[in-house]
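Every read-out reported here was derived from the displayed coordinates using simple, explicitly stated rules and does not represent laboratory data. Everything numeric here is computed off the predicted structure, so don't read it as measured data. Cβ atoms come from the backbone with ideal geometry, glycine included; neighbour counts cover every protein chain shown.
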Amino acid sequence: MVKAVVLGAAGGIGQPLSLLLKINPLITELGLYDIVNTPGVAADLSHIATPAKVAGYLPPDDGLKKVLTGAELVVIPAGVPRKPGMTRDQLFSINAGIVKSLATGIAEYAPKAFVLVISNPVNSTVPIVAEVFKKYEGVYDPKRIFGVTTLDVIRASTFVAESNGTPGASADVVVPVVGGHSGVTIVPLLSQSSPALETPSGETPDAFTSRVAALVKRIQFGGDEVVKAKDGAGSATLSMAYAGAEFASKLLRAINGEKGIVTPSFVALPDGGKALAEELKTLAVQANYNEELATLEYFSSNITLGPQGVDKIHPIGKVSDEEAKLVVAAVPELATNITTGVTYIAEAE
Ligand code: NAD
Ligand code: LMR
């Protein structure tokens, strides 16, 4: 018996995500909240013959309190999307306030819920949720707050399978993507791809190297590819809904006791980032980087999911020299993004 809630349920991501959650057999109740249109979305979905009972809520009449009461899983795709030429950071001025108000509602009405943050910039909105929760006695639990980076993982699987000449097998390709969720902070570890990225006979080492570099760029800037193609009508919605539903499904299976579910997510590091800092030092040597790196308190890497949420955070592991450079290059922007989120809440008083 799980009540799942979507905050921002009438939007481009919210609607297809709500559809996918409605057909998840592990969800028995689905609450939809937005500032507009949720009664219509809920009425529409409620005709689908799956177990989840659906209801839509709007801000009047304590809608946020009603939707969140009893929720165990809350997904947040509320907020504005990018237009061509924008960075995700340029969404911060609007989305930070939206995420802060929704996080406040979760802290008050669903303090034990697992929270999946989709709203951009994820590298900053996840720290916002954490900092809001820290203000409430007994609410903050780093094991329960997830920045959803699954779309990067799905893009990596799709593009690697295409590059291997086996596009139909993309669902079987697993590529860890570490760092964060924006541009250079997205670091696909193609050297750890399973199955491996193939080298067709006759491909020179130089040609392989430039194919890998092009793949990395495409995964890092996959979001821009969609923003450009949508030409002002927003960013990825359908692939994101799929990604959000996939992450939610993995988490629900883990909560239900299924073992061995491993997937990347952007989370707070329980030791304040000490273990990662040690690993980054080694990677900096590998990358011939001599400057001091910031300590990151949040990072995306493979996580084993369990009944409490984050069960184990995996190290980055063995990477190529090029990948070591990419990880090191992601650190300054990640540090700035994290500080932006933390400072926003500290200064909000
Ligand atoms: P959208 O504009 O289509 O939908 C956003 C919805 O949020 C709208 O229905 C809006 O009414 C609602 N909303 C705004 N303020 C709200 C509030 N205070 N409470 C509840 N609902 C509120 O946008 P979209 O395309 O669905 O994208 C949503 C967000 O997801 C954007 O920030 C986008 O950048 C982000 N995104 C993240 C990823 C990722 O990989 N994490 C991928 C794609 C998009
Ligand atoms: C994505 O990666 O598609 C999302 O973060 C949306 C965006 O702004 O690109």
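Positive contributions from Lys and Arg (+1) and negative ones from Asp and Glu (-1), summed over other residues with Cβ under 13 Å from the Cβ of residue 96, come out at -1. Placing R0 at 56 angstrom, the Cβ-Cβ distance between residue 137 and residue 208 gives a FRET efficiency of 0.55 after rounding to 0.05.
Taking every alpha-carbon pair under 8 Å whose residues sit at least 6 apart, the chain reaches a relative contact order of 17 percent. Each of the peptides 324-331, 191-198 was scored by the mean count of other Cβ atoms within 10 Å over its residues; in descending order, highest first, they stand as 324-331, 191-198.
Ordering 240, 1, 86 from the fewest to the most neighbouring beta carbons within 10 Å gives 1, 86, 240. Model label sites at residue 329 and residue 295, defined 7 Å from Cα along the beta-carbon direction, differ in position by 2.7 nm. Note on residue 61 and residue 256: the extension gain reaches 66.8 nm, defined as 0.36 nm multiplied by sequence separation minus the Cα-Cα distance.
The stretch between residue 69 and residue 225 holds 52.3 nm of extra length on full extension. This uses 0.36 nm per residue minus the Cα-Cα distance. Of all lysines in the structure, the ones whose alpha carbon falls short of 19 Å from that of residue 250, not counting any fewer than 8 places away in one chain, are 3, 22, 112, 143, 259, 312. Neighbours of residue 165, meaning other residues whose beta-carbon lies under 13 angstrom from its beta-carbon, give a summed charge of -2 when Lys and Arg score +1 and Asp and Glu score -1.
Phi angles across the range 153-169 convert, under the Karplus curve 6.51 cos²θ - 1.76 cosθ + 1.60 with θ = phi - 60°, into 3J(HN,Hα) values of 5, 5, 4, 4, 4, 5, 6, 5, 4, 4, 5, 7, x, 10, x, x, 9 Hz, Gly and Pro given as x. Using just the C-alpha positions of the range 111-235 as equal point scatterers, what log10 of I(q)/I(0) does the Debye formula give at each q in 0.15, 0.19, 0.21 1/Å? For the requested q values the scattering log ratios are -0.78, -1.04, -1.16.
Divided by 2.2 N^0.38 Å, where N counts the residues, the Cα radius of gyration of the chain comes to 0.97. Fully extending the segment from residue 35 to residue 312, taken as 0.36 nm per residue of separation minus the present Cα-Cα distance, adds 96.1 nm.
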